[in-house]
């Protein structure tokens with residue numbers, strides 16, 4: 001695959017990672033509603049779950065990896081990026097670095113990749129993997 005084609009597959013993951021970096025660079029965070037106390041952790045899980053999914057897509061398409069190795073690499077890259085994001089927030093005025101946020105990042109990535117694995121497994125079970133073999137009758141005619 002050509003380099004530009006590979007980059008196009010990586011573009012959504014790079015764009016989302018850039019968005020996350022931009023959001024974590026802000027000093028002021030939006031107010032969290034009091035009725036939803038777990039909002040921060042759920043937001044982290046969803047954001048990094050999406051990042052893991054986009055990275056896995058890029059690995060599957062651009063590098064033609066098999067599903068499980070792509071999922072493992074996507075989880076590792078997302079976990080590393082989440083750790084770097086928390087380290088970055090430590091040096092951002094008005095932000096706090098929290099290991100619980102990093103755990104939420106890792107959990108969200110794992111859950112998203114597990115959901116994708118279940119969907120892929122279900123899809124493979126309901127669709128035939130190969131076309132049926134071509135057979136011939138006793139006179140040599142193809143069916």
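The values are calculated or read from the model by the stated rules, or taken from the named source; none is laboratory data. Source: prediction; values computed, not measured. Cβ sites come from the backbone with ideal geometry, for glycine too, and all protein chains shown count toward neighbours.
In region 87-99, how many residues are exposed (fewer than 11 other Cβ atoms within 10 Å of the Cβ) and within 22 Å of the chain's Cα centre (by Cα)?
Here the count works out to 1.
Could you list, ordered by first residue, the pairs with Cβ atoms under 8 Å in which the first is in region 75-88 and at negative phi and free of Cβ contacts under 8 Å to residues at least 12 places away in the same chain and the second is surrounded by fewer than 20 Cβ atoms within 10 Å (Cβ to Cβ) and not in a helix (DSSP H, G or I), at least 6 apart or interchain?
87/97
What tally of residues in region 1-52 results from selecting those that are at pLDDT below 90, assigned to a helix (DSSP H, G or I) and exposed (fewer than 10 other Cβ atoms within 10 Å of the Cβ)?
2
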